[in-house]
Amino acid sequence: MPLYKEIVCNENAKLYLWKITEEIEFFKHAVLLKDVSQKRVDAMKSESHQKGFLAVRMLLQHVGYTDFDLYYDAFGKPHLSDGKCISISHSHTFSAIAISDQPIGLDVEQVKEKVLKIASRFMDVSHLENLSDAEKMKKATVIWGIKESIFKIKNETGISFPKHIFEEEFNLESKKTIAQLQFNAKTENFNVVFDSVEEYIYVCAFEVDPNFLQ
Ligand SMILES: CC(C)(COP(=O)(O)OP(=O)(O)OC[C@H]1O[C@@H](n2cnc3c(N)ncnc32)[C@H](O)[C@@H]1OP(=O)(O)O)[C@@H](O)C(=O)NCCC(=O)NCCS
């Protein structure tokens with residue numbers, strides 16, 4: 001399947017999802033890679049990882065970039081050569097990129113029962129009270145995604161999901177919330193949007209400019 005969905009996250013950020021249904025040969029013919037990326041693909045043991053990586057390049061090509069416009073810093077965080085901000089995520093059959101003028105974090109996760117087994121290790125489980133099991137699973141996945149997305153923006157050693165990132169209480173129906181990073185004696189605020197796509201959740205986080213806080 002070509003591009004699966006384009007989603008407007010806010011006035012200057014867009015999210016692009018690719019649903020991977022193609023054979024690996026399709027991607028190999030359609031994507032032009034720089035040497036370092038080709039080496040990365042060749043070193044991947046599983047074909048599904050290769051497809052996930054190549055589908056990200058298909059999305060880049062869809063929005064007018066190529067693999068040559070993307071580079072990684074020493075932490076593995078991706079950047080675009082024209083200075084726009086990008087975040088990347090893949091989960092099984094979906095690959096996704098989010099592009100924005102401002103720092104952005106993206107996470108795509110499959111909703112699985114396992115998230116409830118580990119919830120107390122990364123979140124305030126009181127935020128799951130009075131929900132059905134299915135809703136608990138979904139909400140815990142959103143909260144995991146919020147923490148991953150904020151981590152991807154800040155990319156700082158020592159950030160702990162349970163100790164430093166806090167989501168404001170929210171309803172799944174609202175499809176948005178706010179969250180805070182309290183780390184290194186500083187508090188930073190983030191706007192968050194999320195939604196479901198098939199049995200997956202996507203979450204996008206954006207830094208809130210402290211000058212615009214009410
Ligand atoms: C790096 C990390 C954010 C990746 O998230 P993930 O859910 O495993 O995988 P995703 O598919 O969503 O994201 C992978 C993409 O994130 C990007 N990425 C990797 N390291 C990154 C970093 N330090 N900062 C921002 N983005 C990063 C890359 O683009 C990568 O894909 P690519 O290499 O194919 O381009 C994650 O592994 C991590 O380290 N999380 C924090 C760890 C943590 O505190 N866990 C807590 C438990 S309580």
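Considering each of 100, 91 in turn, give the residue that is touching a residue at least 12 places away in the same chain (Cβ under 8 Å), open to solvent by less than 50 Å² (accessible area, probe 1.4 Å) and touching a Lys or Arg at 6+ places or on another chain (Cβ under 9 Å).
Criteria check complete, one pass: 100.
Kindly indicate which of 108, 31 is near the ligand (Cβ under 10 Å from one of its atoms), aliphatic (A, V, I, L, M) and modelled with pLDDT of 95 or more.
After ruling out the rest, the residue left standing is 108.
From the list 149, 126, exactly one residue is assigned to a helix (DSSP H, G or I) and touching a residue at least 60 places away in the same chain (Cβ under 8 Å). Which is it?
On the way: 126 fails: touching a residue at least 60 places away in the same chain (Cβ under 8 Å).
149 is the lone residue from the list that is assigned to a helix (DSSP H, G or I) and touching a residue at least 60 places away in the same chain (Cβ under 8 Å).
Can residue 194 be described as surrounded by 14 or more Cβ atoms within 10 Å (Cβ to Cβ), touching a residue at least 40 places away in the same chain (Cβ under 8 Å) and out of contact with any strand residue (DSSP E or B) (no Cβ under 6 Å at 6 or more places or on another chain)?
Working: surrounded by 14 or more Cβ atoms within 10 Å (Cβ to Cβ): yes; touching a residue at least 40 places away in the same chain (Cβ under 8 Å): yes; out of contact with any strand residue (DSSP E or B) (no Cβ under 6 Å at 6 or more places or on another chain): no.
So residue 194 fails the test.
If the requirement is being at pLDDT below 95, among the aromatic types (Phe, Trp, Tyr), closer than 19 Å to residue 154 by Cβ and within 11 Å of the ligand (Cβ to nearest atom), which of these qualifies: 122, 75?
75
Report yes if residue 176 is more than 16 Å from the chain's Cα centre (by Cα) and open to solvent by 70 Å² or more (accessible area, probe 1.4 Å), otherwise no.
Spelling it out, it is not the case that residue 176 is more than 16 Å from the chain's Cα centre (by Cα) and open to solvent by 70 Å² or more (accessible area, probe 1.4 Å).
Which of the numbered conditions does residue 9 fail, given that it passes all the others? Conditions: (1) surrounded by fewer than 17 Cβ atoms within 10 Å (Cβ to Cβ); (2) away from the ligand (no atom under 14 Å from the Cβ); (3) not aliphatic (A, V, I, L, M).
All conditions are met except number (1).
Could you say whether any residue in segment 51-63 is free of Cβ contacts under 8 Å to residues at least 24 places away in the same chain, more than 13 Å from the ligand (Cβ to nearest atom), open to solvent by 60 Å² or more (accessible area, probe 1.4 Å) and in the same structural domain as residue 97 (by TED's automatic domain parsing)?
no
The values are calculated or read from the model by the stated rules, or taken from the named source; none is laboratory data. All of these numbers come straight from a predicted model, not from anything done at the bench. Cβ atoms come from the backbone with ideal geometry, glycine included; neighbour counts cover every protein chain shown. Note: accessible area is taken over every heavy atom of the protein model, side chains too, but ligands, DNA and RNA are not part of it. Shrake-Rupley method; radii C 1.70, N 1.55, O 1.52, S 1.80 Å.
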